[in-house]
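The values are calculated or read from the model by the stated rules, or taken from the named source; none is laboratory data. Being a predicted model, the structure only gives us computed values, none of them experimental. As a convention, Cβ positions derive from the backbone with ideal geometry for all residues, glycine included, and neighbour counts pool all protein chains shown.
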Amino acid sequence: MLDQSEGYTTADGRKIGAVVMEMKNITLRFGGVEAIKDISFDIREGEIRAIIGPNGAGKSSMLNVISGFYIPQEGQVFYKGAPRPPMKPFEVARQGIARTFQNIALFEGMSVLDNVMTGRLTHMKTGMFSQALWKGRAEAEETANREVAEKIIDFLEIQAIRKTPVARLPYGLKKRVELARALAAEPSLLLLDEPMAGMNVEEKEDMSRFILDVNDEFGTTIALIEHDMGVVMDLSDRVVVMDYGKKIGDGTPDEVRGNQAVIDAYLGVAHD
Amino acid sequence: MVETPVSGGDLTSIPALLHRNATQFGNAPAYREKEFGIWQSWTWAETREEIEALALGLIDLGVAEGDFIAVIGRNRPTLYWSMMAAQMCGAVPVPLYQDASAEEMAYTLGHCGARFVIAGDQEQVDKVIEVQRELPDFEQMIYLDPRGLRKYDHSKLHQYSHVQDAGRAKRDELSPEMARRIAKLGYDSTCVMLYTSGTTGKPKGVVLSNRNVIETSKSSSAFDDLRQSDDILAYLPMAWVGDFIFSVGQALWTGFCTNCPESAETMHVDLREIGPTYYFAPPRVFENQLTNVMIRMEDAGKFKQRMFHHFMAHARKVGPAILDGKSVSFMDRLKYRLGEFMVYGPLKNTLGFSRVRVGYTAGEAIGPEIFDFYRSLGINLKQLYGQTEATVFITAQPDGEVRSDTVGVKCPGVELKIAENGEVFYRSPGVFVEYYKNAESTADTKDSEGWVATGDAGFIEEDTGHLRIIDRAKDVGKMASGAMFAPKYVENKLKFFPNILEAVVFGNGRDECTAFINIDLTAVGNWAERNNIGYASYQELAQHPQVLATIKGHVEEVNASVAQDEMLSSCQVHRFVVLHKQLDADDGELTRTQKVRRRIIEEKYSDIIAALYDGSDQVSTTTEVTYEDGRKGAISATLLIQTAQTSAAVHKMAAE
């Protein structure tokens, strides 16, 4: 029943693979409020998939369903072909899903490097005692993980703040550190919750470049929620548009741009 | 020209020096670069192998003798190696400023007809691709960092490591060809071509021979007793002659180690970690560091502040004398030792200057307070005077004869003379061969006997032999009254205040002088923060009444000091504005080496200058700005024009 078709090729020549995650008829309620109503869409391997919509459309709820944080009352989530059971956050992380948050959730008192290293936790096998004693395998493991962390620090160009406590950083950089921590987990699916909210034009451009580079360098599948229409249209391969919890559009940026329902949702409808 | 015999065999080219170092100090570190948080290092023997592999790869790609190879990027060992590999192929390396815009790059690349470009990263590759249609000679490009370049058309594009691999694979086949090309190199072969920053007009390509570079490196290394064990930090633009001489010329001559920072932003941390023994920085860097120290001291506890100020006062009193080896009383020495332990040592460590044995500043005048601050800490900071056409060195200050108001005595092998109009001329083994494809300018600058015009006006002090520079010769003018007008003299005095980043003084042919002033955002911003003064933008802070009052105070102090100078007392600033934007190289207002381009500023801000002279209180203006990515925007502002007190000129008693 899962669509395993071959995928497609993007305008800039990237090969997009099979479906990695599929949402089937998802409905999510908070008491009497239906945040998401019967939504279905899929995310394919290697693509940048955006979820957009006006305020209160249910975008963040949708991302939380994808990340496994919310369990929908109706419908089913398929991950890599199999229905996904309810999971604890660390189980989600082990499955290769990492995310960033709209309201930055970093360890403020720790340095940037330490924060990025926490992203490596799922890859550490040695126990608390051997790590505390700093002997044998624990030492080698830390070195290997530090190397991964340093490569990501280099990739996101945050070398200059490596040892700076996160609390002292400006907002734009914190966002980048959060992305670094998510990347440190070497995810196969990366979820970004409004990565560019509250940024100025230059910061947005930097962040867009990093998102494209991550996708290009590591082949990471990216699902992102974003407010800024311009950014979304430039970045993503396919876009899901939500309004009042319903899906009102799904397709390439060009298709979505020409979709009357989307135009109405964003610009309002004239009443006769 | 007569061939000068060289000591120690046949060291008349860069590859020959590299070969000597790889044989003589094979296991000593030659280059280090911080990457992934760790200092990676290469010995001289490894360096030679890396460079040879690249040179073979370049020959394989089709590099011919006499080709120009442009090198663009931040300071990285691989880019220094690229320049040396070019020389091994008999080609000429042309390092370019990495922050140059695509159009600027199109000019230089087109002018030298570079067939090959070695670029640091995607940013540089993009710029070259953008303008490649204007470059008929351009053929292939090599890049270092593959990031973001995977999807590019690779028919003209090669990864650095792949070129090296190809070279290694064909080592046996191509080595004889490379050896043949190296054997042809001598003192008269071209070593490098460097484009001048161009305060006026288009950049000019200065051709420097191996003789220029090696002779200069040799004599300057001896002058400062540079050693094989020295360490330098390479962080200044690679296209600048100084960096080429320090990181390639002197590094190869003495065999010391060149360290490259991780990125431009980490420079200060890397400086601390390396602790160079030989250090160069333009005055601006020293100013910024001092400003930062002072700002951080303001935030320190009461006890620390008192201790700092107490010992710094003592250091200012006896520090320079101790450094110059003059006699200082035992008690003062003892107290200085204590200060070294309590304040100077930790401070030097924080600044990364603990090991500096020889430090230089040049390019602009340095404020006496700034200069004395570093010297009083026991850092042997000196001044030198030089230019690209001289392969850097014209004059330098010998140890023990250091002052803030001179640029030192002539370097070994240099001859100096002062023309009637005050312009300084020199002749030395470092004098450049020619401006590439510009015989006319070459003839204008260098006469048949080899004397080169510096373009600077100055004089030699009779008793000490030290050279003092007043201003650019072409900027020195006359005011309407006939009095001498030397804008830089006044601007430098203004810039010595931490609150003032840049100043431009006008007055040539006028009745009185006026000025543009840029505030220093770090210093003024910190002041605003401590005094709870809110501001939304640079523009708003610049026009804040209290800021204007402070700047006015500075201008009046400068006027009082200018009035003391009988020759230049007419250069006092009567009216000034604090500009709404920083003068910027991207807008063409400064050169890439951060020097003011007067003509362009005069044209661009003609409305503000007019207002300075017509007596109005304020002026509304709109200025076009260029963002880093080349897009343009506009800033509009209303600027308040300030009037400053001037002081009565001091006349010599005898003259009356």
**Item:** Flag if B:R150 is among the basic types (K, R), under 29 Å from A:E157 (Cβ atoms) and touching a residue at least 60 places away in the same chain (Cβ under 8 Å)
**Value:** no
**Fill in**
Within segment B:597-631, of all residues that are within 14 Å of another protein chain (Cβ to nearest Cβ) and free of Cβ contacts under 8 Å to residues at least 40 places away in the same chain, the one nearest to B:E130 (Cα to Cα) is B:D629
**Prompt:** So B:Y195 fits all but one of (1) at pLDDT 95 or above; (2) closer than 18 Å to B:F68 by Cα; what number is the exception?
**Reply:** (1)
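Based on this model, can you work out whether B:T78 counts as in contact (Cβ under 8 Å) with a residue 24 or more places away in the chain and either closer than 30 Å to B:D629 by Cα or within 14 Å of chain A (Cβ to nearest Cβ) (or both)?
Details: in contact (Cβ under 8 Å) with a residue 24 or more places away in the chain: yes; either closer than 30 Å to B:D629 by Cα or within 14 Å of chain A (Cβ to nearest Cβ) (or both): yes.
Spelling it out, B:T78 is indeed in contact (Cβ under 8 Å) with a residue 24 or more places away in the chain and either closer than 30 Å to B:D629 by Cα or within 14 Å of chain A (Cβ to nearest Cβ) (or both).
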**Request:** Return the residue satisfying two criteria in turn: it lies in segment A:190-205 and is in contact with a helix residue (DSSP H, G or I) (Cβ under 8 Å, 6 or more places away or on another chain) and surrounded by fewer than 18 Cβ atoms within 10 Å (Cβ to Cβ), and of such residues it is nearest to A:F101 (Cα to Cα).
**Result:** A:G198
**Request:** Please determine, by comparing only the residues of segment B:442-498 that are polar (S, T, N, Q) and free of Cβ contacts under 8 Å to residues at least 40 places away in the same chain, which one is nearest to B:T388 (Cα to Cα).
**Result:** B:T442
**Request:** Return the only residue of B:L157, B:L144 being at negative phi and away from every other protein chain (no Cβ under 14 Å).
**Result:** B:L157
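Within segment B:477-487, is there a residue that is among the hydroxyl-bearing types (S, T, Y), in the same structural domain as B:E602 (by TED's automatic domain parsing), surrounded by 21 or more Cβ atoms within 10 Å (Cβ to Cβ) and over 24 Å from B:C411 (Cβ atoms)? Outline the logic, then answer.
Going through segment B:477-487, the residues among the hydroxyl-bearing types (S, T, Y) turn out to be B:481.
If we keep only those that are in the same structural domain as B:E602 (by TED's automatic domain parsing) as well, we get B:481.
With the extra rule that they be surrounded by 21 or more Cβ atoms within 10 Å (Cβ to Cβ), the set shrinks to none.
No; the residues of segment B:477-487 include none that is among the hydroxyl-bearing types (S, T, Y), in the same structural domain as B:E602 (by TED's automatic domain parsing), surrounded by 21 or more Cβ atoms within 10 Å (Cβ to Cβ) and over 24 Å from B:C411 (Cβ atoms).
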**Complete:** Expected single match for within 28 Å of B:G386 (Cβ to Cβ) and assigned by TED's automatic domain parsing to the domain that holds B:T78 among B:A239, B:A264 is B:A239
**Request:** Give, as residue ranges, the helices (runs of 4 or more DSSP H) completely inside segment A:116-208 that count at least 1 residues that are within 14 Å of chain B (Cβ to nearest Cβ), under 21 Å from A:V92 (Cα atoms) and free of Cβ contacts under 8 Å to residues at least 40 places away in the same chain.
**Result:** A:137-155
**Prompt:** Got a sec? Which strands (runs of 3 or more DSSP E) wholly within segment B:1-120 have at least 1 residues that are touching a Phe, Trp or Tyr at 6+ places or on another chain (Cβ under 9 Å) and either surrounded by fewer than 20 Cβ atoms within 10 Å (Cβ to Cβ) or of a type in the set (D, E, K, R) (or both)?
**Reply:** B:29-35, B:38-43
**Asked** For segment A:36-46, which residues satisfy the criterion of being over 20 Å from the mean Cα position of the chain (by Cα) and either buried (at least 16 other Cβ atoms within 10 Å of the Cβ) or closer than 15 Å to A:N64 by Cβ (or both)?
**Response** A:K37
**Message:** Given (1) surrounded by fewer than 21 Cβ atoms within 10 Å (Cβ to Cβ); (2) in contact with a helix residue (DSSP H, G or I) (Cβ under 7 Å, 6 or more places away or on another chain), identify the lone condition not met by A:G53.
**Reply:** (1)
**Prompt:** Is there a residue being assigned to a strand (DSSP E or B) and more than 25 Å from B:F496 (Cβ to Cβ) anywhere in segment B:607-619?
**Reply:** yes
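Here is a yes/no grid of residues against (1) outside the structural domain of B:T216 (by TED's automatic domain parsing); (2) hydrophobic (A, V, I, L, M, F, W, C); (3) at negative phi:
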| residue | (1), (2), (3) |
| --- | --- |
| B:K304 | yes, no, yes |
| B:F311 | yes, yes, yes |
| B:G345 | yes, no, yes |
| B:N349 | yes, no, yes |
| B:G352 | yes, no, no |
| B:Q387 | yes, no, yes |
**Request:** Looking only at segment B:486-521, count how many residues are farther than 23 Å from B:H544 by Cβ, touching a Gly at 6+ places or on another chain (Cβ under 7 Å) and in a strand (DSSP E or B).
**Result:** 1
**Prompt:** What residue, of B:E566, B:E557, is of a type in the set (D, E), part of a helix (DSSP H, G or I) and either under 28 Å from the mean Cα position of the chain (by Cα) or surrounded by fewer than 19 Cβ atoms within 10 Å (Cβ to Cβ) (or both)?
**Reply:** B:E557
**Item:** Conditions (1) of a type in the set (V, I, T); (2) away from chain B (no Cβ under 12 Å); (3) touching a Ser or Thr at 6+ places or on another chain (Cβ under 9 Å): number failed by A:V214
**Value:** (2)
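Any residue at all in segment B:197-208 that's of a type outside the set (D, E, K, R) and free of Cβ contacts under 8 Å to residues at least 40 places away in the same chain? Talk me through it step by step, then tell me what you get.
Step one: list which residues in segment B:197-208 are of a type outside the set (D, E, K, R), which gives B:197-201, B:203, B:205-208.
Those still in the list that are free of Cβ contacts under 8 Å to residues at least 40 places away in the same chain too: B:201.
Checking segment B:197-208: at least one residue is of a type outside the set (D, E, K, R) and free of Cβ contacts under 8 Å to residues at least 40 places away in the same chain.
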**Message:** Given the criteria buried (at least 18 other Cβ atoms within 10 Å of the Cβ), under 23 Å from A:L173 (Cβ atoms) and not charged (D, E, K, R), does A:V92 qualify?
**Reply:** no
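Residue-by-condition table, conditions (1) touching a helix residue (DSSP H, G or I) at 6+ places or on another chain (Cβ under 9 Å); (2) modelled with pLDDT of 90 or more; (3) among the charged types (D, E, K, R):
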{"residue": "A:G7", "(1), (2), (3)": "no, no, no"}
{"residue": "A:T10", "(1), (2), (3)": "no, no, no"}
{"residue": "A:K15", "(1), (2), (3)": "no, no, yes"}
{"residue": "A:M23", "(1), (2), (3)": "yes, yes, no"}
{"residue": "A:G46", "(1), (2), (3)": "yes, yes, no"}
{"residue": "A:P86", "(1), (2), (3)": "no, no, no"}
{"residue": "A:R94", "(1), (2), (3)": "yes, no, yes"}
{"residue": "A:F107", "(1), (2), (3)": "yes, yes, no"}
**Residues of segment A:215-238 satisfying the condition of being in a strand (DSSP E or B) and either under 14 Å from the mean Cα position of the chain (by Cα) or free of Cβ contacts under 8 Å to residues at least 40 places away in the same chain (or both)** = A:T221, A:I222, A:A223, A:L224, A:I225
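Is it the case that some residue within segment B:386-398 is in a strand (DSSP E or B), charged (D, E, K, R) and modelled with pLDDT of 90 or more? It would help to see each step written out before you state the result.
In the first step, residues of segment B:386-398 are kept if they are in a strand (DSSP E or B); the result is B:386-387, B:392-396.
From the residues that got through so far, the ones that are charged (D, E, K, R) too are none.
There is no residue in segment B:386-398 that is in a strand (DSSP E or B), charged (D, E, K, R) and modelled with pLDDT of 90 or more.
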**Item:** Test for A:S61: is it of a type in the set (S, T, N, Q) and in a strand (DSSP E or B)
**Value:** no
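Which residue out of B:I600, B:I635 is outside any loop (DSSP other than H, G, I, E, B), touching a Lys or Arg at 6+ places or on another chain (Cβ under 6 Å) and not charged (D, E, K, R)? Spell out how you get there, then give the answer.
Details: B:I600 fails: touching a Lys or Arg at 6+ places or on another chain (Cβ under 6 Å).
Going through B:I600, B:I635 in turn, the sole match is B:I635.
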